[in-house]
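So the structure is just underneath, and the comments pick up after that.
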Amino acid sequence: MKKINIAIDGPASSGKSTVAKIIANDLGFIYTDTGAMYRSITYMALKTGCALNDELAIAALIDQYPITFKLGTNGQSVFVGTEEVTEAIRQPAVTNAVSEVSAHAAVRKKLVEQQQAIAVNGGVVMDGRDIGTAVLPQAEVKIFLVASVEERAARRFKENQQKGIDTTFEVLKEEIQQRDYVDSHRAVSPLKQAADAVRIDTSGMSIEAVVSAIKQTITKKGY
Ligand code: DC
């Protein structure tokens, strides 16, 4: 298959990373989780005691601590500098600070450049908020996944329980709504469906059904 780029955007917990990983694996493409990049730099800001509103200091951390992905037997691991942060970046402290960090233009500029470099030769499935609109506006296939807040909070609740993170369903629902609001209302590259993206509402759909709908879109586009 031609090495196209596939952009998968959508709000928090809409199922992007789960389906993006499966599609990348099935097509033999590289999977890039851009949310993990914003989370990694947020983790580093918290760890080094950077104020979350100190845009330039946080942007400087990106040069100091390169973010890398390594593929292992347990899937993809994330590193910041030499530290493995795969699990640490999913902790509530990072989740609750990441929207503020990812709203900074200087942070986005640096991470978007890195994301574009990863996709320069094609063959990438990239998930995030602004992939179809800002990072890869020329992506051959663009998908925008949505789901109800209740369904997304329920998914996050289940994931958290497996990881031993105790947050109530009601709190998760509020956090998701809050993150949706900040992600959609920031000045730089807000979460927004690209005009040429295919929208899929995954509420009540199984993972297999979502994967199949995306594959049909790829085929319909002639790839
Ligand atoms: O997909 P996620 O929940 O891991 O993303 C974490 C945060 O990173 C999310 O609240 C918004 C931000 N983000 C972004 O601004 N742009 C992206 N391309 C990906 C994530």
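Side notes on the structure shown:
- Verdict on Val146 being near the ligand (Cβ under 8 Å from one of its atoms), over 17 Å from Thr68 (Cβ atoms) and touching a residue at least 60 places away in the same chain (Cβ under 8 Å): no
- Among the residues of the range 25-39, those that are more than 10 Å from Gln76 (Cβ to Cβ), part of a helix (DSSP H, G or I) and not β-branched (Val, Ile, Thr) comprise Asn25, Asp26, Leu27, Gly35, Met37, Tyr38, Arg39.
- In the range 81-109, the residues that are open to solvent by 50 Å² or more (accessible area, probe 1.4 Å) form Cβ pairs under 9 Å with partners that are within 12 Å of the ligand (Cβ to nearest atom) and of a type in the set (D, E, K, R), at six or more places apart or across chains, as follows: Arg90/Arg39; Arg90/Glu159; Asn96/Glu175; Asn96/Arg179.
- Just one of the listed residues (Val120, Val125, Val112) is β-branched (Val, Ile, Thr) and in a helix (DSSP H, G or I), namely Val112.
- Evaluation of Asp130 against (1) surrounded by fewer than 20 Cβ atoms within 10 Å (Cβ to Cβ); (2) within 11 Å of the ligand (Cβ to nearest atom); (3) at pLDDT 95 or above; (4) not β-branched (Val, Ile, Thr) (one fails), failing number: (1)
- Set side by side, the residues Glu113, Glu100, Glu87 differ, and just one is over 26 Å from Val188 (Cβ atoms) and either within 15 Å of the chain's Cα centre (by Cα) or among the acidic types (Asp, Glu) (or both), which is Glu87.
- Which listed residue, of Ala24, Ala36, Ala7, is within 17 Å of Tyr223 (Cβ to Cβ), in contact with a strand residue (DSSP E or B) (Cβ under 7 Å, 6 or more places away or on another chain), within 13 Å of the ligand (Cβ to nearest atom) and not charged (D, E, K, R): Ala7
- Taken together, the residues in the range 140-176 that are over 16 Å from the mean Cα position of the chain (by Cα), surrounded by 15 or more Cβ atoms within 10 Å (Cβ to Cβ) and not hydroxyl-bearing (Ser, Thr, Tyr) amount to 12.
- A residue that is under 20 Å from the mean Cα position of the chain (by Cα), away from the ligand (no atom under 14 Å from the Cβ) and loosely packed, with under 12 Cβ neighbours inside 10 Å can be found somewhere in the range 177-195.
- Every test in (1) under 24 Å from Ala134 (Cβ atoms); (2) away from the ligand (no atom under 15 Å from the Cβ); (3) open to solvent by 40 Å² or more (accessible area, probe 1.4 Å); (4) in contact with a helix residue (DSSP H, G or I) (Cβ under 7 Å, 6 or more places away or on another chain) is passed by Lys221 save one, and that test is (4).
- The single residue among Glu140, Glu174 that is of a type in the set (Asp, Glu) and out of contact with any Phe, Trp or Tyr (no Cβ under 8 Å at 6 or more places or on another chain) turns out to be Glu174.
- When residues of the range 73-106 are limited to those that are of a type outside the set (Val, Ile, Thr), closer than 19 Å to Gly164 by Cβ and part of a loop (DSSP other than H, G, I, E, B), the one farthest from the ligand (Cβ to nearest atom): Asn74
- Residue within the range 59-66 that is open to solvent by 60 Å² or more (accessible area, probe 1.4 Å), touching a Phe, Trp or Tyr at 6+ places or on another chain (Cβ under 9 Å) and within 13 Å of the ligand (Cβ to nearest atom) present: no
The values are calculated or read from the model by the stated rules, or taken from the named source; none is laboratory data. Note that this is a predicted model, so its numbers are computed, not measured. Cβ atoms come from the backbone with ideal geometry, glycine included; neighbour counts cover every protein chain shown. SASA here: full protein model, heavy atoms, side chains in, ligands and nucleic acids out. Shrake-Rupley method; radii C 1.70, N 1.55, O 1.52, S 1.80 Å.
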